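Here is the structure we will look at.
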Amino acid sequence: MSEQSTKESKTKTLQGTVESDKRDKSRRVVVNFMTKHPKYGKYVKGRTVLQVHDGNNESKMGDLVEVRQCKPVSKTKSWELVKVIRSGGLV
């Protein structure tokens, strides 16, 4: 039992915004981040676009969601939806 909980804590989780919900059981989630430039030291904006598996179609466009890395579900999907943190209000 303790092995299961430690294994779950090692999986990578991120928060992002749902950008597209047009596909069934799939979402495109954008994760924005700031990173320091190695030479100049200025902070630079960056973004990562993830293909996320949403088996119950519970997230909508504009929602803030938490996603976790999992084994590949398809060719492009290797992340799964954990929970919807905040509803985006877009209908």
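The values are calculated or read from the model by the stated rules, or taken from the named source; none is laboratory data. Nothing here was measured: the structure is a model prediction, and the numbers come from that model. No Cβ is skipped: glycine too gets one built from the backbone with ideal geometry, and neighbour counts run over all protein chains shown.
Within region 28-85, work out how many residues are of a type in the set (Lys, Arg) and out of contact with any Leu (no Cβ under 9 Å at 6 or more places or on another chain).
Total meeting the criteria: 8.
Scan region 36-64 for residues that are hydrophobic (A, V, I, L, M, F, W, C) and either within 11 Å of residue 19 (Cβ to Cβ) or touching a helix residue (DSSP H, G or I) at 6+ places or on another chain (Cβ under 9 Å) (or both) and jot them down.
49, 50, 52, 61
Please identify the pairs in which a residue from region 43-68 that is modelled with pLDDT under 95 has its Cβ atom under 6 Å from the Cβ atom of a residue that is of a type in the set (S, T, N, Q), counting only partners at least 6 apart or on another chain.
Sorted first by the residue in region 43-68, then by its partner, the list stays empty.
Filter region 20-56 down to residues that are hydrophobic (A, V, I, L, M, F, W, C) and under 15 Å from the mean Cα position of the chain (by Cα) and give me whichever is farthest from residue 69 (Cα to Cα).
Of everything passing the filter in region 20-56, 33 is farthest from residue 69 (Cα to Cα).
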